[in-house]
1. Of (1) in contact with a helix residue (DSSP H, G or I) (Cβ under 6 Å, 6 or more places away or on another chain); (2) at pLDDT below 95, ALA119 satisfies all except one. Which?
2. What are the pairs with Cβ atoms under 6 angstrom where one residue, in region 135-156, is without any contact (Cβ under 8 Å) to a residue 12 or more places away in the chain and the other, located anywhere, is in a strand (DSSP E or B)? Sequence gap at least six, or different chains.
3. Quick check on my filter: what residues within region 104-131 are among the β-branched types (Val, Ile, Thr) and farther than 24 Å from ASP198 by Cα?
4. If I filter region 117-136 for residues that are part of a strand (DSSP E or B), over 21 Å from the mean Cα position of the chain (by Cα) and crowded, with 16+ Cβ neighbours inside 10 Å, do I get at least one hit?
5. If we keep just the residues of region 137-149 that are closer than 25 Å to ALA82 by Cα and touching a Ser or Thr at 6+ places or on another chain (Cβ under 6 Å), which is surrounded by the fewest Cβ atoms within 10 Å (Cβ to Cβ)?
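The values are calculated or read from the model by the stated rules, or taken from the named source; none is laboratory data. Everything numeric here is computed off the predicted structure, so don't read it as measured data. Cβ placement follows ideal geometry from the backbone for every residue including glycine, while neighbour counts extend to all protein chains displayed.
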Amino acid sequence: MKAVPAKAAKAKPAKAPVAKPAKTAKAKPAKAPVAKPAKTAKAKPAKAAKAKPAGSQGLDVVRAVFDELGWTYKVTTDADGASEIFVNTRGTNVFAGVKAIHYPGRFIVFGAAPFSVPAKFLGEAYKFVSHVNNALQDGCLMVREPGPAEVTFRAAVNYTRVSGLEPGLVTGVIADLVEGASATFAGLSQVAKGTSADKAFAAL
């Protein structure tokens, strides 16, 4: 009898263990720090320089010239920037008083004579003034009433068409005042004493 060979047990292939994926830690997104705006120093508004009143620049020039001449004076200025300047004329023979007026664009000086014209000679005085003013290039001679008529010489400059009032313009006006008054007061003083206008004018 043939021996039947025993059935070899079929070897089952070993199951390879399935590797479980390793748990990876979930990375939490880092929070970006919120940048705080830098504190900026509040800029303090610059204090605006106080605006000088109208005409002050020209008045400063007039003051500087008067100071250089050694004159003593008093200034009064109104709200519109117009200034009156009263000059101390003690010790002078030409003028009994000098007053200047300055406002933006204009500078005027008046010199009062140390004599007046009696009423009885006013007609001849006006005739003399007319002769003189027709001949003058700068300034003008004036006789004012009422009462004993005040004699005044006036000189002026209008500087609205130039960059500003310069010292040379101020000294020029003062020169016109002194020269004009010196030349005309002498003749008019003779008229004030009874000399005819024509004779006094011819003697200038």
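1. (1)
2. What qualifies is ARG144/GLU150.
3. Residues of region 104-131 among the β-branched types (Val, Ile, Thr): 108-109, 117, 129.
Once the filter is applied, which keeps residues that are among the β-branched types (Val, Ile, Thr) and farther than 24 Å from ASP198 by Cα, region 104-131 yields ILE108, VAL109.
4. Filtering region 117-136 down to residues part of a strand (DSSP E or B) leaves 117.
Restricting the remaining residues to those that are over 21 Å from the mean Cα position of the chain (by Cα) gives 117.
So of that shortlist, the ones also crowded, with 16+ Cβ neighbours inside 10 Å come out as 117.
Yes, region 117-136 contains a residue that is part of a strand (DSSP E or B), over 21 Å from the mean Cα position of the chain (by Cα) and crowded, with 16+ Cβ neighbours inside 10 Å.
5. MET142
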